[in-house]
């Protein structure tokens with residue numbers, strides 16, 4: 001494990017998620033505690049959740065990734081709401 005400060009590791013992972021062509025993700029919160037890296041947020045598909053976890057693992061290979069990202073169903077808007 002590296003002696004790098006947790007906030008720098010989290011920032012490096014967030015940068016990787018934003019810049020990696022597989023993800024281009026800005027909406028995921030990254031926290032580091034001890035030897036664990038926590039990913040939190042919401043995505044529209046399980047595949048996206050897994051890709052984010054992979055990119056995070058590559059950016060911080062010494063940490064155990066805890067993927068707490070929720071998959072939420074994105075639906076088309078229903079009927080128009082009358083105000």
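The values are calculated or read from the model by the stated rules, or taken from the named source; none is laboratory data. None of these values were measured; they are calculated from a predicted model. A quick note on method: Cβ atoms are made from the backbone with ideal geometry, for glycine too, and the neighbour counts reach across all protein chains shown.
Do we find a residue being closer than 11 Å to residue 55 by Cβ, surrounded by 11 or more Cβ atoms within 10 Å (Cβ to Cβ) and either within 10 Å of the chain's Cα centre (by Cα) or in contact (Cβ under 8 Å) with a residue 40 or more places away in the chain (or both) anywhere in segment 2-11? Don't jump to the end; show me each part of the working.
Looking only at segment 2-11, we keep the residues that are closer than 11 Å to residue 55 by Cβ, and these are none.
Checking segment 2-11: not a single residue is closer than 11 Å to residue 55 by Cβ, surrounded by 11 or more Cβ atoms within 10 Å (Cβ to Cβ) and either within 10 Å of the chain's Cα centre (by Cα) or in contact (Cβ under 8 Å) with a residue 40 or more places away in the chain (or both).
Give the number of residues within segment 33-50 that are assigned to a loop (DSSP other than H, G, I, E, B) and over 14 Å from residue 6 (Cβ atoms).
Summing the residues that are assigned to a loop (DSSP other than H, G, I, E, B) and over 14 Å from residue 6 (Cβ atoms) in segment 33-50 gives 2.
Can you say whether residue 71 is crowded, with 17+ Cβ neighbours inside 10 Å and either closer than 16 Å to residue 7 by Cα or modelled with pLDDT of 95 or more (or both), as far as the supplied structure shows?
no
Yes or no: segment 13-25 includes at least one residue that is assigned to a helix (DSSP H, G or I), closer than 14 Å to residue 65 by Cα, out of contact with any strand residue (DSSP E or B) (no Cβ under 7 Å at 6 or more places or on another chain) and without any contact (Cβ under 8 Å) to a residue 60 or more places away in the chain.
Yes: segment 13-25 contains one or more residues that are assigned to a helix (DSSP H, G or I), closer than 14 Å to residue 65 by Cα, out of contact with any strand residue (DSSP E or B) (no Cβ under 7 Å at 6 or more places or on another chain) and without any contact (Cβ under 8 Å) to a residue 60 or more places away in the chain.
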